[in-house]
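Asker: Just passing along the structure, written as structure tokens.
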Amino acid sequence: MDLSRFPRRRYTPFATPIEFLPNFTKALAASCPGGAGPRIWIKRDDMLGLFPGGNKTRKLEFLVADALAQGADTLVTCGAPQSNHCRITLAAAVKEGLKCRFVIEERVAQSYKPDASGNNFMFRLLGVEAITVVPGGSNMAAEMQKVADAVTAEGRKAYIIPGGGSNAIGGLGYVACAQELQEQLFEQGLRIDRVVVGSGSSGTHGGMVAGFLGNQIRIPITGIGVSRDPADQAPLVLKEAQAVLDLLGVPLKVKPEDVQCVGGFWQPKYSVPNARMREAVQMLARTEAIPLDPVYTGKIMAGLIGMARSGALKADENVLFLHTGGLPSLHAYEADVLGDTELPA
Ligand SMILES: *Cc1c(COP(=O)(O)O)cnc(C)c1O
């Protein structure tokens, strides 16, 4: 697939490494029925560029290039109170000499605390221009448009980036990831049987599906939901994958069977900790010294662990876990990750 006709800024000067996780693989097998489990590999998208990077970095390479091509001087985006996407968008803005404003959605009432740690601290450190806080369930597109109108009224030019950077342009970042991965598997002679990714605003999962279909990579992708069960998540991912293929001019139709979503690991609610997340974060930290985060990758890895224990991942499979980042929010949830407080299952 030809990405070269789309403008792109580069924020990561290398391919993110693929690593085998020997200690985690052993610990996981010991906790599986019969003492055998899949072999787990990881692709370190937590090492992407920006402050510190994560999956949003790849989408922003294409989104910010588009903003610059349109002559924008201000990025406007939205997210939850501990939004990795807002922090990475702000970091890209700083690097490009642009201003950046957020609309923060309080999906959990009263959860936005301006002086909180984690990403909120980084919003202030990186110098966000303005933050508007709105209640959960607000029309975020309309709220961002209001902010963009205020920017226009000042004689400036805003560029609106949707939540999670998940539109057709943002999804190109994960087509680029799919192509990078294909090259690495070939160079390293590595046979992967399944890729496990997080599935939220859907740019990562949808972009990967588009990249795998378009490049005829026949490795199944499993998307672990972080905010929705499959009945609600799969249509979003399918729509995103199709939008990306259409933008690329690839004459393929995404079929429902191309989109595999798994639910049950994000409850009780998006961003609210549960006990399986805590186990997953502690397990990867204590076997491989790789940090996960409580909102996304902790629950996504909990999904991988759950699938291994239930036999949905086979003992002889090579499974690649895509680490999508999120490190800063770990510091805003220290008690939930380390404490012995009772958490929902
Ligand atoms: C945003 C995010 C995700 C989810 O990715 P989407 O493209 O929104 O589906 C996963 N992990 C982390 C750390 C994120 O910040």
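Asker: Name the helices (runs of 4 or more DSSP H) wholly within the range 1-114 that hold at least 1 residues that are basic (K, R) and within 19 Å of the chain's Cα centre (by Cα)?
Answerer: 55-69, 84-96
Asker: Any idea which of P114, P52 is open to solvent by 10 Å² or more (accessible area, probe 1.4 Å), at pLDDT below 95 and closer than 30 Å to L181 by Cβ?
Answerer: On the way: P114 fails: closer than 30 Å to L181 by Cβ.
Only one candidate qualifies: P52.
Asker: Taking the range 308-332 as the region of interest, how many residues are surrounded by 20 or more Cβ atoms within 10 Å (Cβ to Cβ) and part of a helix (DSSP H, G or I)?
Answerer: 4
Asker: Go through the range 272-289 and count every residue that is part of a loop (DSSP other than H, G, I, E, B) and crowded, with 20+ Cβ neighbours inside 10 Å. So that I can check it myself, show each step before the final result.
Answerer: Start the filter on the range 272-289 by keeping residues that are part of a loop (DSSP other than H, G, I, E, B), which leaves 272-274, 289.
Checking which are crowded, with 20+ Cβ neighbours inside 10 Å leaves us with 273-274.
The total comes to 2.
Asker: Here is a follow-up. Condition first: assigned by TED's automatic domain parsing to the domain that holds G198, under 30 Å from G34 (Cα atoms) and out of contact with any helix residue (DSSP H, G or I) (no Cβ under 7 Å at 6 or more places or on another chain). Can you find one or more residues in the range 239-254 that meet it?
Answerer: Narrowing the range 239-254 to residues assigned by TED's automatic domain parsing to the domain that holds G198: 239-254.
Then drop every residue that is not under 30 Å from G34 (Cα atoms), which leaves none.
So far as the range 239-254 goes, no, none of its residues is assigned by TED's automatic domain parsing to the domain that holds G198, under 30 Å from G34 (Cα atoms) and out of contact with any helix residue (DSSP H, G or I) (no Cβ under 7 Å at 6 or more places or on another chain).
Asker: Can you find, within the range 31-59, the residue that is nearest to the ligand (Cβ to nearest atom) among those that are hydrophobic (A, V, I, L, M, F, W, C) and farther than 18 Å from S329 by Cβ?
Answerer: Restricting attention to the range 31-59, the residues satisfying the condition of being hydrophobic (A, V, I, L, M, F, W, C) are 32, 36, 40-42, 47-48, 50-51.
Narrowing the set further to residues that are farther than 18 Å from S329 by Cβ leaves 32, 36, 40-42.
Values: C32: 25, A36: 29, I40: 17, W41: 18, I42: 13 Å.
Among residues in the range 31-59 that are hydrophobic (A, V, I, L, M, F, W, C) and farther than 18 Å from S329 by Cβ, the one nearest to the ligand (Cβ to nearest atom) is I42.
Asker: Related question: Name the residue that is least open to solvent (accessible area, probe 1.4 Å), counting only residues in the range 152-168 that are assigned to a loop (DSSP other than H, G, I, E, B) and within 16 Å of the ligand (Cβ to nearest atom).
Answerer: Checking each candidate, the answer is I161.
Asker: When only residues in the range 238-267 that are of a type in the set (S, T, N, Q) and closer than 21 Å to I219 by Cβ count, which is least open to solvent (accessible area, probe 1.4 Å)?
Answerer: Ranking the candidates gives Q242 first.
Asker: Suppose we filter P81, P135 for residues that are surrounded by fewer than 22 Cβ atoms within 10 Å (Cβ to Cβ) and either more than 22 Å from A332 (Cα to Cα) or not polar (S, T, N, Q) (or both); which single one remains?
Answerer: The conditions single out P135.
Yes/no per residue for (1) in contact (Cβ under 8 Å) with a residue 60 or more places away in the chain; (2) part of a loop (DSSP other than H, G, I, E, B):
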position: R191; (1), (2): yes, yes
position: A210; (1), (2): no, no
position: Q216; (1), (2): no, yes
position: G223; (1), (2): no, no
position: Q233; (1), (2): no, no
position: V237; (1), (2): no, no
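Asker: Tell me yes or no: at least one residue of the range 24-36 is of a type in the set (S, T, Y), free of Cβ contacts under 8 Å to residues at least 24 places away in the same chain and on the phi < 0 side of the Ramachandran plot.
Answerer: Pass one, the range 24-36, residues of a type in the set (S, T, Y): 25, 31.
Still in the list and also free of Cβ contacts under 8 Å to residues at least 24 places away in the same chain: 25.
Right, trim to on the phi < 0 side of the Ramachandran plot and you get 25.
Yes.
The values are calculated or read from the model by the stated rules, or taken from the named source; none is laboratory data. In this text the structure is predicted, and so the values were computed from the model without any measurement. Counting neighbours? That spans all protein chains shown, and the Cβs are built from the backbone with ideal geometry, glycine included. Calculation scope for accessible area: heavy atoms of the full protein, side chains included, ligands and nucleic acids excluded. Shrake-Rupley method; radii C 1.70, N 1.55, O 1.52, S 1.80 Å.
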